[in-house]
Amino acid sequence: MREVMVIKMEWKDSYPQTKKPSYKELLDYFLPPIRDLFVRFDDEMQKRFDVHNKYHKYLKTQGWTYGYGRNYNCELLKVAIQSDSFLVLGVTVEDEASLQRALDEAKRVYDNGFEARYADLCEKRRRNQIERAKNRTAREKAELSALLETVESTKLNQFRWCKKVSRRDLQRLYQSEANGMIDDVLLDEIGYAFYARCKQSKEILPLLEQGQMKCHHCGSVLYATGYASITQCECGYCYTYREYRRSFNANDMPAHRAQPIFDAFMEKWPQSKEPPQKMMLIDWLIHAFHVTLMSGEKGRSVCVNLIEGTKKQISDMILTLAYDSGV
Ligand SMILES: [Zn+2]
């Protein structure tokens, strides 16, 4: 009987520079006993040193190699792949004993100042960020003073966003309802405030997304002349697109995630004629916020889009509101 010899292709030939292997392909390349050793090695790297196999690099001599680190500039070690083993810090890992030697070697390199190197890098990155923010602020300040030479500051970026509803007013409304004497005036004020804010956002956001703005003083639609340059309205007020957009976000204008809730409210509010109907709709809206709060969705909760206060303050307030809509 002729012996069949399986010749395993070299790693470098299996995966040339233009063919980066997936993680599965890497695992498949190993013979099963070596694969087990590699998986254990990978696991130990994460557990012991919190470094991850994320920094892949093609080297002429070794082909695709796998750097273990916490970020691109802070690598603990590199793993090279061989047809019957893998190579870590000069140790060829092919059995239990060599795996242990490789782990010892990794520990030695780690103890030799890895954490200090990482801390240093984080600190540098933090300082860079601060520097960049400072530069940006200085640049924007210079841009602003240049703009103010051409326009009056009282006419530049004077935004008027529809107001949010105060928590106190909401509590007063619920209290009046609980006392059997619903405060009609307050009810209308609150409902209209919610409505106006949703409507303003619904009008302005699509404009912003097309590089347009709506003058907050005369209602004209303006085409932004640039990101940081001045766009002048015929009424005398002027805007920069950048500040307009920032102001929209900074004021928590309702948008995006909870749009269906806002849309439903906007549709129903004008149709609600009687106080109980209006109260029920407001309660529905508050409840919709509450559900979003409870579901723990990522990002800021939608209640901050319409009610004054922090997410926590609003959440606490909503819990105190007692209302039985009978539904
Ligand atoms: Zn205008």
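The values are calculated or read from the model by the stated rules, or taken from the named source; none is laboratory data. Keep in mind that this is a model prediction, so the values were computed, not measured. Note: ideal-geometry Cβ built from the backbone for every residue, glycine included; neighbour counts use all protein chains shown.
Of the residues making up segment 242-252, one or more are closer than 28 Å to K141 by Cα and not in a helix (DSSP H, G or I). Taking segment 57-73 as the range and being surrounded by fewer than 18 Cβ atoms within 10 Å (Cβ to Cβ) and within 21 Å of K107 (Cα to Cα) as the test, the residues that pass are N71, Y72, N73.
Quickly run through segment 182-194 and pick out the residues that are of a type in the set (F, W, Y) and more than 12 Å from M253 (Cα to Cα). Y192 - this is the single residue of segment 182-194 that is of a type in the set (F, W, Y) and more than 12 Å from M253 (Cα to Cα). Sub-7 Å Cβ pairs linking a first residue in segment 215-241 that is touching a residue at least 24 places away in the same chain (Cβ under 8 Å) and assigned to a loop (DSSP other than H, G, I, E, B) to a second residue that is within 9 Å of the ligand (Cβ to nearest atom) and among the aromatic types (F, W, Y), at least 6 apart or interchain, are C215/Y237; H217/Y237, ordered by first then second residue. Would a scan of segment 151-162 turn up a residue that is more than 30 Å from K278 (Cβ to Cβ), basic (K, R) and within 16 Å of the ligand (Cβ to nearest atom)? Looking through segment 151-162, at least one residue is more than 30 Å from K278 (Cβ to Cβ), basic (K, R) and within 16 Å of the ligand (Cβ to nearest atom). In segment 196-224, of all residues being under 20 Å from T154 (Cβ atoms) and in contact with a Cys (Cβ under 7 Å, 6 or more places away or on another chain), the one that is farthest from the ligand (Cβ to nearest atom) corresponds to L222. Can you confirm whether segment 225-239 contains a residue that is over 19 Å from L144 (Cα atoms) and near the ligand (Cβ under 9 Å from one of its atoms)? Checked against the condition, which is being over 19 Å from L144 (Cα atoms) and near the ligand (Cβ under 9 Å from one of its atoms), segment 225-239 yields at least one hit.
Of the residues making up segment 159-188, just one is at pLDDT below 95, polar (S, T, N, Q) and assigned to a loop (DSSP other than H, G, I, E, B), namely N179. Output the residues belonging to segment 52-84 that are closer than 19 Å to S22 by Cα and of a type in the set (A, V, I, L, M, F, W, C). Correct list: L59, W64, V79, A80, I81. What are the residues in segment 242-258 that are touching a residue at least 12 places away in the same chain (Cβ under 8 Å) and either polar (S, T, N, Q) or farther than 13 Å from M213 by Cα (or both), if any? Once the filter is applied, which keeps residues that are touching a residue at least 12 places away in the same chain (Cβ under 8 Å) and either polar (S, T, N, Q) or farther than 13 Å from M213 by Cα (or both), segment 242-258 yields S247, N251, D252, M253, P254, A255, R257, A258.
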